[in-house]
Amino acid sequence: METMTRGELAKRTGVSMATLRYYEDSGILPAPGRSSNGYRVYTEDYLVKIKFIKDAQSLGYSLKEIQDTLQLLSQEDMEKETLKTLVRERITDIQKHIDHLEQLQINLARLLHTPEDDIDNYIQSFRVQKKEP
C-alpha cells in the first residue's frame with residue numbers, strides 16, 4: 001500500500017498540515033503509522049477519511065459528530081441501516097432548524113408592521129438622557 005507524508009497528504013486533500021495535526025490530536029483521525037526514521041506515514045485510506053470529514057463539515061456536522069460517525073464506521077459490525085439511521089436523524093435535525101428559522105422570519109416580518117410611534121418609543125427607551133450641569 002502506498003504511503004505519504006503529512007505534507008503530501010495535506011497537498012492531496014487541500015487541508016493544512018496544522019488541521020491534520022489537530023484532527024490527529026483530537027482523535028478525529030487515528031494516529032498514523034511511523035516510518036523507520038520516525039516520520040508519520042499516511043495510507044490511502046486517510047484520503048477517504050479526510051474527504052468524509054470535509055463533506056460532513058459542508059453538510060453542517062460538527063467535528064464531534066464527525067468523530068463519532070468515523071468511530072462507528074470503523075467498527076467491523078457497522079451496518080448500512082445504522083448509517084441510514086444517522087442520516088435520517090440529521091435530516092430531522094435540519095428540518096427542525098429550518099422550521100425554527102421560518103418562525104423567526106415570520107416574527108421579524110411582523111415587527112415591520114409595528115406602528116411608527118411604537119418604534120419611535122422603543123428606540124427612545126435606549127437613549128441616555130444627558131444630565132445638565
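Rounded, prolate or oblate: which fits segment 1-68, taking a ≥ b ≥ c as square roots of the Cα gyration tensor eigenvalues, rounded meaning a/c under 1.5, else prolate when a/b beats b/c?
prolate
Under a 1.4 angstrom probe, counting protein chains only, how are 13, 85 ranked by accessible area, largest first?
Per-residue accessible area, sorted high to low, gives 85, 13.
If the viscosity is 1.567 mPa s and the temperature 4 °C, what Stokes-Einstein diffusion coefficient in µm²/s follows for segment 1-116 when Rh is the Kirkwood radius over Cα pairs?
After rounding, the answer is 76 µm²/s.
Scan around residue 41 for amide H atoms under 5 Å from its own, H built in the peptide plane at 1.01 Å from N, and keep only partners 5 or more places away or cross-chain.
33, 34, 35
Pulled fully out, how much extra length does the chain show between residue 95 and residue 11, if you take 0.36 nm times their separation in residues and subtract their Cα-Cα distance?
26.6 nm
Could you state the orientation-averaged shadow area of the convex hull built on the Cα atoms of segment 80-133, in nm² to one decimal?
Mean projected area of the Cα convex hull: 6.4 nm².
What's the center-to-center distance, using Cα atoms, between segment 1-47 and segment 82-96 in Å?
Measuring centre to centre over Cα atoms gives 30 Å.
Of 66, 119, 53, which has the largest mean-square fluctuation in a 10 Å C-alpha GNM of the chain?
Among 66, 119, 53, the largest mean-square fluctuation in the Gaussian network model of the chain belongs to 119.
Could you check how much of the accessible area of segment 49-116 is carbon and sulfur, as a whole percent, using a 1.4 Å probe?
59
Want the number for residue 62 to residue 131: 0.36 nm per residue separation, take away the alpha-carbon distance, what's left?
19.8 nm
Among the chymotrypsin sites (Phe, Trp or Tyr not before Pro) within segment 59-133, which fall in a DSSP loop and have no more than 11 other Cβ atoms within 10 Å of their own Cβ?
Here the chymotrypsin sites (Phe, Trp or Tyr not before Pro) that fit, given the DSSP loop and packing criteria, are 126.
Which far-off residues, 5 or more places away or on another chain, put their amide H under 5 Å from the one on residue 28, with H placed in the peptide plane?
none
Run the helix sum for the chain: -39,500 (n - 2.57) per DSSP H stretch of 4+ residues, divided by residue count, reported at 222 nm to the nearest 500 deg cm²/dmol.
Only helices count here, giving -20500 deg cm²/dmol.
From the phi angles alone, apply the Karplus equation (6.51, -1.76, 1.60; θ = phi - 60°) to segment 118-133 and give each ³J(HN,Hα) in whole Hz, x where the residue is Gly or Pro.
5, 5, 4, 4, 4, 4, 4, 5, 8, 7, 8, 6, 7, 7, 8, x
Gaussian network model of the chain, Cα springs within a sub-10 Å range: biggest mean-square fluctuation belongs to which of 76, 65, 116?
116
Between beta-carbons, use under 13 Å as the cut-off and find the net charge around residue 15, counting Lys and Arg +1, Asp and Glu -1.
Neighbourhood net charge equals +4.
Taking 0.36 nm per intervening residue step and subtracting the Cα-Cα distance, what contour gain separates residue 81 from residue 55 on full extension?
7.4 nm
The values are calculated or read from the model by the stated rules, or taken from the named source; none is laboratory data. Worth saying up front: this structure is predicted, and the values here are computed from it rather than measured. FYI the Cβ positions are ideal-geometry reconstructions off the backbone, even for glycines, and counts take in every protein chain you see. Note: accessible area is taken over every heavy atom of the protein model, side chains too, but ligands, DNA and RNA are not part of it. Shrake-Rupley method; radii C 1.70, N 1.55, O 1.52, S 1.80 Å.
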